[in-house]
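The structure under discussion appears below in the form of C-alpha cells.
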Amino acid sequence: MAGKNIYIETYGCQMNVNDSEVILSILQDAGFQHTENIEDADVILANTCSIRDNAEQRIWGRVDQFKLQKRKRDNVVIGIVGCMAERLKDKLLKEVDLVAGPDSYRTLPQLLEAVTPDNPQINVLLSHEETYADINPVRLDKNGISAFISIMRGCNNVCSYCVVPYTRGAERSRDPHTIVREARNLYEKGYKEVTLLGQNVDSYLWKAPEGEEGNVTFPQLLEMVASISPEMRVRFSTSHPKDISDDVIYTMAKYENICKHIHLPVQSGSSIMLEKMRRKYNREWYLERVDKIRSVIPDCGITTDVIAGFCGETEQDHQDTLTLMEKVVFDSAFMFAYSERPGTLASKKYPDDIPYEEKTRRLNEIIALQGRMSLKSNEKEIGKRLKVLVEGPSKKNPEELCGRASSNKMCVFPSRGEKPGDYCEVEVVSVTSATLICRRID
Ligand code: SAH
Ligand code: SF4
Ligand code: F3S
C-alpha cells in the first residue's frame with residue numbers, strides 16, 4: 001500500500017472532522033499518503049453525516065462525482081465511512097467499494113488491502129470500548145492554531161428525532177491521560193486552542209480501573225486540560241441542558257483560558273415539544289440554566305440549535321420557541337427544519353405532519369428573529385475590551401486581522417503584523433449581526 005494516495009472529504013459535525021484526522025493517522029501508519037487533490041487519489045473517501053435527509057442527499061451528489069474519477073482512471077477505490085455507512089450498511093455496497101462505520105477505522109488498512117472491483121468490503125460493527133485513545137490524529141486544520149480533541153464517542157440519550165445513537169452507538173469516555181497528553185503535544189507544537197468534543201460532554205465520566213482511585217468527571221477534565229498552559233485556550237462542545245452542572249460553570253469561571261462560551265442546544269421553546277423530543281428538560285429548566293450561567297459568568301456566550309416543525313408542533317409551540325429566543329438572546333444559532341430519520345423513535349411513533357411550506361415558514365421566522373437577536377447580542381459588546389486569538393487576515397481587508405473573543409464572537413481589527421496564534425487586546429467600536437469591529441488598545 002506504500003505510496004497509495006488517500007483523498008478524504010468530511011461532512012457533518014466537528015467530531016467527523018476529528019475522525020477524518022484519526023482515519024488519516026491510521027492509514028499513514030499503514031503506508032498510505034494523504035493527498036488534497038482528488039485527481040491524484042487512489043482511494044477516495046467520504047466521511048459522511050446522516051443527521052438530516054438533505055445532508056445525505058448532498059453526499060449522494062458527491063459520490064456521483066467520485067464515480068467520474070473511476071471512469072477516468074483504473075483501480076480507484078471509492079469508500080463511504082462514518083454515519084451514513086453505519087446507517088445504510090450493505091445497501092451502500094452496490095454503489096461503492098468500501099463501507100466503514102465510525103468504530104471500524106482501525107480495520108481500514110485491511111479492508112483496503114482486500115478490496116477489489118468484485119469484492120467490496122464492509123465493516124459496520126459498533127463497539128462499547130473504541131475511543132481511538134492512542135491514535136495521534138493527523139491535523140487537517142490549515143493554520144496550526146486550533147484543534148479538535150474527541151473526549152468521548154457515541155450517545156446514550158434517545159432524543160426521539162435523532163439518528164446519532166444508531167450511527168455512533170453507545171456512549172463511552174476516553175482515558176483522560178491520553179486527552180491531556182494529546183493537548184500538551186498540541187501546545188508544544190504551537191497550538192493555542194483545543195476544543196473538547198462529545199455529543200454530551202457533561203456526561204463525560206472516566207472510571208478508574210477496578211481497585212484504583214481516580215474517576216474523572218467533565219469539570220475535572222476541563223481543569224486538567226486548562227492547567228497545561230494559561231496561553232492555551234480550552235473550548236468544548238456540546239453541552240446538554242439536562243446535564244450541564246454548576247460545577248462546569250464554576251470551573252469555567254475559575255480559569256481565564258477556559259473560553260466563556262457554551263453551545264447549549266434548546267431544540268424548542270415548547271415544553272410539550274421537548275417532552276415529545278425526549279430531551280428530559282422543559283422550558284423553565286432551560287431558562288433557569290441560562291440564568292445560572294449568566295449569574296456566574298455575565299459575559300458568557302451562549303449559542304444554540306433549534307428544530308422547526310417537529311411532529312405535531314402547533315402554532316403555539318412555534319411561538320414558544322420564538323419567545324424563548326427573544327428571552328435568551330442567543331449569540332448565534334444553527335436552525336433546521338425537522339427531517340424524519342428512519343429508525344428513530346419519532347419516525348415510529350409520530351407522523352411527520354407539518355407540511356413542507358409550513359415548516360419552511362416557521363424556520364424562516366426563526367432565522368429572521370435570530371438575525372435580530374445576533375445583532376442585539378453584539379450591540380451589547382460595544383465598548384467592551386476583549387482578548388482575541390488571531391486566526392489570520394480578515395477576508396475583506398488584508399490590512400486587518402480576524403479572530404475570536406473568548407465568547408466565540410468573531411472580531412476584526414487593524415493589524416500590526418501579528419501572526420495567527422498571537423493574542424491581541426481590542427475594544428469593540430461597532431458591530432454587525434456577524435462581526436465585532438474593534439480598535440486596538442494594546
Ligand atoms: N448532541 C447534540 C446535537 C447533535 S446533532 C445535542 O444533543 O444537542 C446537531 C443538531 O442537529 C441537533 O442539536 C439538532 O438541532 C439537529 N438535528 C438532529 N436531528 C435532527 C433531525 N432529525 N431533523 C432536524 N434537525 C436535527
Ligand atoms: Fe442526538 Fe440527543 Fe444524543 Fe444529541 S443528545 S446526539 S440530539 S440523541
Ligand atoms: Fe452527522 Fe454523525 Fe455528526 S450524523 S452530525 S456526522 S455524529
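Of all residues in region 282-308, count the ones that are surrounded by fewer than 23 Cβ atoms within 10 Å (Cβ to Cβ), without any contact (Cβ under 8 Å) to a residue 60 or more places away in the chain and touching an Asp or Glu at 6+ places or on another chain (Cβ under 9 Å).
4
Against the condition assigned to a helix (DSSP H, G or I) and of a type outside the set (Ser, Thr, Tyr), how does ASN75 come out, does it pass? Talk me through it step by step, then tell me what you get.
Numbers: assigned to a helix (DSSP H, G or I): no; of a type outside the set (Ser, Thr, Tyr): yes.
Judged against the criteria, ASN75 is not a match.
Can you tell me which residue among ALA147, ALA183, ALA208, ALA226 is outside the structural domain of ILE51 (by TED's automatic domain parsing), farther than 26 Å from VAL266 by Cβ and under 17 Å from the mean Cα position of the chain (by Cα)?
None of the others qualify; the one that does is ALA147.
THR131 - would you say it is more than 16 Å from ligand 2 (Cβ to nearest atom), assigned to a loop (DSSP other than H, G, I, E, B) and either open to solvent by less than 40 Å² (accessible area, probe 1.4 Å) or in contact with a Phe, Trp or Tyr (Cβ under 9 Å, 6 or more places away or on another chain) (or both)? Reasoning before the result, please.
On the way: more than 16 Å from ligand 2 (Cβ to nearest atom): yes; assigned to a loop (DSSP other than H, G, I, E, B): yes; either open to solvent by less than 40 Å² (accessible area, probe 1.4 Å) or in contact with a Phe, Trp or Tyr (Cβ under 9 Å, 6 or more places away or on another chain) (or both): yes.
For THR131, the condition - more than 16 Å from ligand 2 (Cβ to nearest atom), assigned to a loop (DSSP other than H, G, I, E, B) and either open to solvent by less than 40 Å² (accessible area, probe 1.4 Å) or in contact with a Phe, Trp or Tyr (Cβ under 9 Å, 6 or more places away or on another chain) (or both) - is met.
Looking only at region 67-114, count every residue that is on the phi > 0 side of the Ramachandran plot and without any contact (Cβ under 8 Å) to a residue 40 or more places away in the chain and tell me the total.
Residues meeting the conditions: 2.
Which ones in region 4-38 are within 16 Å of ligand 1 (Cβ to nearest atom) and either open to solvent by less than 30 Å² (accessible area, probe 1.4 Å) or in contact with a helix residue (DSSP H, G or I) (Cβ under 8 Å, 6 or more places away or on another chain) (or both)?
THR10, TYR11, GLY12, MET15, ASN16, ASN18, ASP19
So, of the residues in region 126-160 that are at positive phi and touching a residue at least 60 places away in the same chain (Cβ under 8 Å), which turns out to be nearest to ligand 1 (Cβ to nearest atom)?
TYR132
Residues checked against (1) touching a residue at least 24 places away in the same chain (Cβ under 8 Å); (2) outside any loop (DSSP other than H, G, I, E, B); (3) within 16 Å of ligand 1 (Cβ to nearest atom); (4) open to solvent by 10 Å² or more (accessible area, probe 1.4 Å):
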{"site": "TYR187", "(1), (2), (3), (4)": "yes, yes, no, yes"}
{"site": "GLN199", "(1), (2), (3), (4)": "yes, no, yes, yes"}
{"site": "LYS242", "(1), (2), (3), (4)": "yes, no, yes, yes"}
{"site": "VAL248", "(1), (2), (3), (4)": "yes, yes, yes, no"}
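Quick test for you: out of VAL306, VAL329, pick the one residue that is farther than 25 Å from ASP175 by Cα and more than 21 Å from the chain's Cα centre (by Cα).
VAL329
Looking at ILE59, ILE80, ILE51 in this structure, which one is closer than 28 Å to TYR356 by Cβ, in a helix (DSSP H, G or I) and among the aliphatic types (A, V, I, L, M)?
On the way: ILE80 fails: in a helix (DSSP H, G or I); ILE51 fails: in a helix (DSSP H, G or I).
Just a single option satisfies the conditions, and that option is ILE59.
If I filter region 160-185 down to residues being open to solvent by 20 Å² or more (accessible area, probe 1.4 Å) and assigned to a loop (DSSP other than H, G, I, E, B), which single residue comes out as farthest from ligand 3 (Cβ to nearest atom)?
Here the answer is ASP175.
Going by the structure shown, is ALA55 in contact with a helix residue (DSSP H, G or I) (Cβ under 9 Å, 6 or more places away or on another chain), within 15 Å of THR10 (Cα to Cα) and surrounded by fewer than 22 Cβ atoms within 10 Å (Cβ to Cβ)?
Spelling it out, ALA55 is indeed in contact with a helix residue (DSSP H, G or I) (Cβ under 9 Å, 6 or more places away or on another chain), within 15 Å of THR10 (Cα to Cα) and surrounded by fewer than 22 Cβ atoms within 10 Å (Cβ to Cβ).
Yes or no: VAL194 away from ligand 3 (no atom under 14 Å from the Cβ), outside any loop (DSSP other than H, G, I, E, B) and over 20 Å from the mean Cα position of the chain (by Cα)?
Here the answer is no, as VAL194 does not meet what is asked.
The values are calculated or read from the model by the stated rules, or taken from the named source; none is laboratory data. Values in this document were obtained by computation on a predicted structure and should not be read as measured data. Note that each Cβ is placed from the backbone with ideal geometry, even for glycine, and that neighbours are counted across all protein chains shown. Ligands, DNA and RNA are stripped out before the accessible areas are found, and what is left, the full protein with its side chains, is counted by its heavy atoms. Shrake-Rupley method; radii C 1.70, N 1.55, O 1.52, S 1.80 Å.
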